[in-house]
Amino acid sequence: MKQTHNANLASAYAHAREAQEKLIAQDPLMRRFAASRRALASDRYRPIYHFVSPESNLNDPNGLCFWQGQWHLFYQGYPPENLIPHWGHAVSDDLIHWRDLPYAINPGPEEACWSGSTWVEDDRVIAMYHGHKLGNMVAVANDPLLLNWEKVTGTTVIPNPCPIWTHTKGGESMRGVGGNPVPANAINFVYDPCIWKKGNFYYSTSGGTLPHVPSGRRTRTQFLFRSPDLATWEYLHPFVQDDVYGLVGDDGGCPYFWQIGDRHILLHFSHMSGAHYLLGDYDLVRDKFVVTYGGRFTFGPWHPGGIHAPSATPDGQGGLIAIFNINVGKPTPGWNQIMSLPRRLTLTGKDELAQTPAGDIESLHRDHHRVAAQTLPANSEVVLRGVGGNAIEIFAEIDLGHAQMVELIVLRSSGKEEFTRIAIYKDCGYVDWDRSDGWANHRESKDSLLVIDATYSSELPDVESRAPEMAPVFLAPGETVKLRVFVDRSVIEVFANDRQCATIRVYPGRADSVGISLRAQGSEATLRALDVWQMRSIYESAK
């Protein structure tokens, strides 16, 4: 079933790249996208170097992948003429500069195209996603720009609700899908699938939950299915084993299951508590993911203004490239959410996940300003004169010394009516027993805390309040703090020591909320380096 694209010139694009490029250049939808970007660019809160939908709203990123030398980002887009989820589409050579392409997968026969992932083969890309009111769907494409998608079977391949049978085993009512029993009420619906291949079979997990015993509250479970041909699927069993790293009430939406180093990782989204990950080992014989560790990408509620859902794909070097959508914290007419900067995820130990910015970010740098190394006196704010902005990157290296807390303030108004704090609280987090050698070593085994506090970021009455983000980050004794801070109008992303990242949306109301300052608490600290770059727009060609 070939997909048509709203407002496009042709019902299907040619399969030669040169011909596809010519058709796109003439496509009225592309002109509409460019006009919409120009019209929305004047919004003071619309980022200039984070990806934003060209028109209307966006939601989850979907199916991030690398195909024929380019990165493809899909996302839940909402065309103004049909405000239900389609798969929006953008392509990039460097993970930073994104070019809009037509909507990739459109509803029909499903009522909406919700979240899913992709699996790249030598000759095609397979997308598996949730089709609203039907179930989980599969579509394939093999053209250079992934413009032409064909839906396998033309309808759902794992229907929703799943076909079930019941019988009694040992007095317990059982349900089964594809001939395999599961506890009663286990699979009430399927959604948010991810897909991979092992041997001659495709595998897919679907988001879902099982009741916690004895409370009855739902707990995270990924239901595993298998198929020889993408069209017929059988249910196997719950996929995740030994998961004690979530909260009762979490679910496993938007899953992405990949190898990372010599381990495996399951990134996912909880509709209760935001974006998470599980690390562990893939038992290939039993088809089970045995979990050994878990962590978070969201350190507070996902709304307002927090990290939402992930999309991830291998980087070809043993790591992953991940991108997240970030929720709104203030009404912005005509658009809402944005995408994070891409992150490279790697393992630095068995259960230690490292996060660094990915892509050619340096290509956006202009107007570099270096601040001289200096002592930060105790309990006294140091305001940096003549440097600042609301679309900048900051690199700062700080020797904490004996200071218990050092803060870097951004988006500061001249009278400090508005400001956003980025702070490192030294050795104030939880004890890590794996790093401890006994009671005497508790201090050395404690995490520090990376905090983004937007309590006073805006005086506007329609900005929703959000408690501070508090992300754990381990600092070895005597280790300096190295921060990469990305400020882009209404979003702040902070990477600490290549180990942790925290993200938040902010909406300063004052025109002068562009300043930077630092402060050491209790004892002095040393600023070893601070560099600030103004950032170019990735949408300059659309202006």
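Hey, among Pro102, Pro54, Pro28, which residue is at pLDDT 95 or above and out of contact with any helix residue (DSSP H, G or I) (no Cβ under 9 Å at 6 or more places or on another chain)?
Pro28
Suppose we keep only residues that are more than 28 Å from Leu266 (Cβ to Cβ) and of a type in the set (A, V, I, L, M, F, W, C) within the stretch 75-128. Which one would you say is surrounded by the fewest Cβ atoms within 10 Å (Cβ to Cβ)?
Among those that are more than 28 Å from Leu266 (Cβ to Cβ) and of a type in the set (A, V, I, L, M, F, W, C), it is Leu83.
Quick one: which residue in Val463, Val451 is assigned to a loop (DSSP other than H, G, I, E, B), under 25 Å from the mean Cα position of the chain (by Cα) and of a type in the set (A, V, I, L, M)?
Val463
Considering only the stretch 62-87, state which residues are of a type in the set (S, T, N, Q), closer than 13 Å to Pro107 by Cα and at pLDDT 95 or above.
Gln76
Quick one: would you say Ala471 is in a strand (DSSP E or B) and of a type in the set (A, V, I, L, M, F, W, C)?
Considered against the rule, which asks whether it is in a strand (DSSP E or B) and of a type in the set (A, V, I, L, M, F, W, C), Ala471 comes out as yes.
For the stretch 463-477, which residues satisfy the criterion of being among the small types (Gly, Ala, Ser) and either farther than 12 Å from Ala496 by Cβ or modelled with pLDDT under 95 (or both)?
Answer for the stretch 463-477, where residues must be among the small types (Gly, Ala, Ser) and either farther than 12 Å from Ala496 by Cβ or modelled with pLDDT under 95 (or both): Ser465, Ala467, Ala476.
Exactly one of (1) outside any strand (DSSP E or B); (2) in contact (Cβ under 8 Å) with a residue 40 or more places away in the chain; (3) aliphatic (A, V, I, L, M); (4) under 18 Å from Ile338 (Cα atoms) is unmet by Leu83. Its number?
(2)
Those residues that are more than 30 Å from Leu345 (Cβ to Cβ) and part of a strand (DSSP E or B), I need them from the stretch 476-524; list them, please.
Within the stretch 476-524, Gly515, Ser517, Arg519, Ala520, Gln521 qualify.
Working only within the stretch 98-152, note down all residues that are touching a Leu at 6+ places or on another chain (Cβ under 9 Å) and either part of a loop (DSSP other than H, G, I, E, B) or among the aromatic types (Phe, Trp, Tyr) (or both).
Trp98, Tyr103, Pro109, Glu110, Glu111, Leu145, Leu146, Leu147
Working only within the stretch 426-436, note down all residues that are of a type outside the set (Asp, Glu) and in contact (Cβ under 8 Å) with a residue 40 or more places away in the chain.
Lys426, Gly429, Tyr430
Only one of these is modelled with pLDDT of 95 or more, farther than 16 Å from Cys194 by Cβ and not assigned by TED's automatic domain parsing to the domain that holds Arg466: Phe289, Phe257, Phe297. Name it.
After applying the criteria, what remains is Phe297.
Can you tell me how many residues in the stretch 399-412 are more than 15 Å from Val487 (Cα to Cα) and in contact with a Ser or Thr (Cβ under 7 Å, 6 or more places away or on another chain)?
Matching residues across the stretch 399-412 total 4.
Output the residue which, of all residues in the stretch 341-374 that are in contact with a strand residue (DSSP E or B) (Cβ under 6 Å, 6 or more places away or on another chain) and of a type in the set (S, T, N, Q), is modelled with the lowest pLDDT.
Thr348
Does the stretch 393-405 include one or more residues that are crowded, with 19+ Cβ neighbours inside 10 Å, over 22 Å from Met535 (Cβ atoms), touching an Asp or Glu at 6+ places or on another chain (Cβ under 9 Å) and assigned by TED's automatic domain parsing to the domain that holds Ser42?
No, that holds for no residue.
Residue-by-condition table, conditions (1) buried (at least 17 other Cβ atoms within 10 Å of the Cβ); (2) touching a residue at least 24 places away in the same chain (Cβ under 8 Å); (3) under 23 Å from Glu352 (Cβ atoms):
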{"position": "Glu459", "(1), (2), (3)": "no, yes, no"}
{"position": "Val463", "(1), (2), (3)": "yes, yes, no"}
{"position": "Met470", "(1), (2), (3)": "yes, yes, yes"}
{"position": "Val473", "(1), (2), (3)": "yes, yes, yes"}
{"position": "Glu479", "(1), (2), (3)": "no, no, yes"}
{"position": "Leu483", "(1), (2), (3)": "yes, yes, yes"}
{"position": "Arg489", "(1), (2), (3)": "yes, yes, no"}
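Within the stretch 360-368, is even one residue buried (at least 19 other Cβ atoms within 10 Å of the Cβ), under 31 Å from the mean Cα position of the chain (by Cα) and of a type in the set (Ser, Thr, Tyr)?
No, the conditions are met nowhere in the stretch 360-368.
Among the residues of the stretch 498-543, write down those that are crowded, with 21+ Cβ neighbours inside 10 Å and under 23 Å from the mean Cα position of the chain (by Cα).
Those that are crowded, with 21+ Cβ neighbours inside 10 Å and under 23 Å from the mean Cα position of the chain (by Cα): Gln500, Cys501, Ala502, Thr503, Ile504, Arg505, Val506, Tyr507, Met535, Ile538, Tyr539.
With the requirement that a residue be closer than 29 Å to Ile126 by Cβ and outside any strand (DSSP E or B), what does the stretch 195-219 give you?
Gly199, Asn200 - these are the residues of the stretch 195-219 that are closer than 29 Å to Ile126 by Cβ and outside any strand (DSSP E or B).
Kindly indicate whether any position in the stretch 208-217 is in contact (Cβ under 8 Å) with a residue 60 or more places away in the chain and of a type in the set (Val, Ile, Thr).
No, the conditions are met nowhere in the stretch 208-217.
Looking at His72 and the list (1) in contact with a Phe, Trp or Tyr (Cβ under 8 Å, 6 or more places away or on another chain); (2) surrounded by 20 or more Cβ atoms within 10 Å (Cβ to Cβ); (3) in contact (Cβ under 8 Å) with a residue 40 or more places away in the chain; (4) closer than 26 Å to Gly305 by Cβ, which single condition is not satisfied?
(4)
Within the set of pairs 6 or more residues apart or between chains, which connect a residue that is buried (at least 24 other Cβ atoms within 10 Å of the Cβ) inside the stretch 322-334 to a residue that is modelled with pLDDT of 95 or more and acidic (Asp, Glu) with Cβ atoms less than 7 Å apart?
Asn325/Asp60; Gly329/Glu464
The values are calculated or read from the model by the stated rules, or taken from the named source; none is laboratory data. Only a predicted model underlies this, so the values are computations on that prediction, with no experimental measurement involved. As a convention, Cβ positions derive from the backbone with ideal geometry for all residues, glycine included, and neighbour counts pool all protein chains shown.
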